[in-house]
Amino acid sequence: MRLEKYIATSGIASRRAVKKSILAGAVTVNGETVLVPGHPINVETDAVEFEGKRVEPLTEHIYLMLNKPSGCVTTRRDERGRPTVMDLVADLPDTIYPVGRLDLETEGLLLFTNDGNFAYRLLHPSHEIEKTYLVWVKGVPSEEAVQRLRQGVTIPSGTTAPAKVKRLKVSKDGASMKFEVVIHEGKKRQVRMMFKAVGHPVIRLKRIRIGNLGLGNLPSGQYRFLTSEEISELMML
Ligand code: URA
């Protein structure tokens with residue numbers, strides 16, 4: 001966020017007065033005088049002082065889930081100009097960002113927040129939060145292949161930890177099969193690489209749950225705010 005906006009939204013002074021003070025050298029960021037009103041501020045980590053007083057921004061924390069469609073990138077901005085997940089939450093404050101990522105082709109549950117603490121807790125590997133996926137794969141894996149997935153397989157980014165793998169059903173034409181998979185790691189393209197390692201490429205992948213939080217029947221491309229119970233449950237994981 002721009003420095004002048006950051007200070008003004010804290011309610012300490014009007015935007016115009018803030019700009020004047022910045023230009024007059026009365027504002028510091030992390031102890032250094034900054035003379036540029038547009039200076040970028042990290043609202044989570046930067047310490048701003050206005051005329052010697054610490055600025056406490058009125059940051060309202062936002063928590064929401066998006067049902068990400070296939071074909072949009074999980075990034076704040078894409079250099080290649082592809083659609084991003086941010087396009088789907090464009091009506092919300094631009095301080096929010098996705099918590100973790102889903103691949104371009106992966107669908108389903110993606111959280112957004114502007115609460116760095118919440119994002120940190122959810123992403124930290126030591127918390128081992130379970131993520132549940134529906135997985136459609138080519139062919140019908142053997143019992144032996146499913147056992148290997150459960151125990152852990154070697155993929156380009158390492159060996160996967162034991163996973164819960166449940167068979168759901170074989171397609172009518174017998175050409176593909178649907179699974180439910182629960183993992184607690186976040187290796188690169190993990191679910192896709194796991195099934196590839198046992199010879200059954202993923203055709204479609206959808207995340208339906210993070211911890212106890214389910215996607216439910218939220219339509220593709222839509223978002224909804226989390227309830228306070230949902231936020232506290234996730235914070236306790
Ligand atoms: N595993 C994958 O392969 N892709 C995702 O987007 C998430 C988990």
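The values are calculated or read from the model by the stated rules, or taken from the named source; none is laboratory data. All values reported here derive from a predicted model rather than from experimental measurement. FYI the Cβ positions are ideal-geometry reconstructions off the backbone, even for glycines, and counts take in every protein chain you see.
Key figures for this structure:
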{"read-out": "Residue, nearest to P69 (Cα to Cα), within region 201-220, restricted to residues that are in contact with a Gly (Cβ under 7 Å, 6 or more places away or on another chain) and within 13 Å of the ligand (Cβ to nearest atom)", "value": "K206"}
{"read-out": "Filter result for K187 (of a type in the set (D, E, K, R), surrounded by 15 or more Cβ atoms within 10 Å (Cβ to Cβ) and within 13 Å of the ligand (Cβ to nearest atom))", "value": "yes"}
{"read-out": "Tally, over region 128-140, of residues that are within 16 Å of the ligand (Cβ to nearest atom) and either part of a strand (DSSP E or B) or farther than 17 Å from M235 by Cβ (or both)", "value": "8"}
{"read-out": "Residue under evaluation T160, criteria (1) touching a Pro at 6+ places or on another chain (Cβ under 8 Å); (2) outside the structural domain of G71 (by TED's automatic domain parsing); (3) within 14 Å of the ligand (Cβ to nearest atom), criterion not met", "value": "(1)"}
{"read-out": "Wholly enclosed strands (runs of 3 or more DSSP E) of region 47-127 bearing at least 1 residues modelled with pLDDT of 90 or more and either more than 25 Å from N217 (Cβ to Cβ) or basic (K, R) (or both)", "value": "48-50, 63-68, 97-99"}
{"read-out": "Test: residue in region 170-180 that is more than 15 Å from P141 (Cα to Cα) and within 16 Å of the ligand (Cβ to nearest atom)", "value": "no"}
{"read-out": "Any pair with Cβ under 8 angstrom, 6 or more apart, that starts in region 217-233 at a residue that is surrounded by 14 or more Cβ atoms within 10 Å (Cβ to Cβ) and ends at one that is modelled with pLDDT under 95 and not in a loop (DSSP other than H, G, I, E, B)", "value": "L226/L234; I231/F118"}
{"read-out": "Cβ-Cβ under 6 Å pairs, at least 6 apart or on other chains, region 154-174 side polar (S, T, N, Q), far side assigned to a loop (DSSP other than H, G, I, E, B)", "value": "S157/K187; S157/K188; T159/G152; T160/G152; T160/V153"}
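Let's see how each residue does on (1) surrounded by fewer than 16 Cβ atoms within 10 Å (Cβ to Cβ); (2) more than 12 Å from the chain's Cα centre (by Cα):
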| position | (1), (2) |
| --- | --- |
| I62 | no, yes |
| K68 | no, no |
| T74 | no, no |
| G81 | yes, yes |
| T84 | no, yes |
| V89 | no, yes |
| P93 | yes, yes |
| I96 | no, no |
| L102 | no, no |
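So that you can scan it fast, the table gives a plain yes or no per residue for (1) more than 16 Å from the ligand (Cβ to nearest atom); (2) of a type in the set (F, W, Y); (3) in contact with a Pro (Cβ under 9 Å, 6 or more places away or on another chain):
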site: V29; (1), (2), (3): yes, no, no
site: H39; (1), (2), (3): yes, no, no
site: E60; (1), (2), (3): yes, no, yes
site: N67; (1), (2), (3): no, no, yes
site: R76; (1), (2), (3): yes, no, yes
site: D91; (1), (2), (3): yes, no, no
site: I96; (1), (2), (3): yes, no, no
site: E105; (1), (2), (3): no, no, no
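Listed here are the residues, each with its yes/no results for (1) of a type in the set (S, T, N, Q); (2) in contact with a Cys (Cβ under 6 Å, 6 or more places away or on another chain); (3) exposed (fewer than 15 other Cβ atoms within 10 Å of the Cβ).
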position: N117; (1), (2), (3): yes, no, yes
position: L123; (1), (2), (3): no, no, yes
position: V140; (1), (2), (3): no, no, yes
position: T154; (1), (2), (3): yes, no, yes
position: T159; (1), (2), (3): yes, no, yes
position: M177; (1), (2), (3): no, no, no
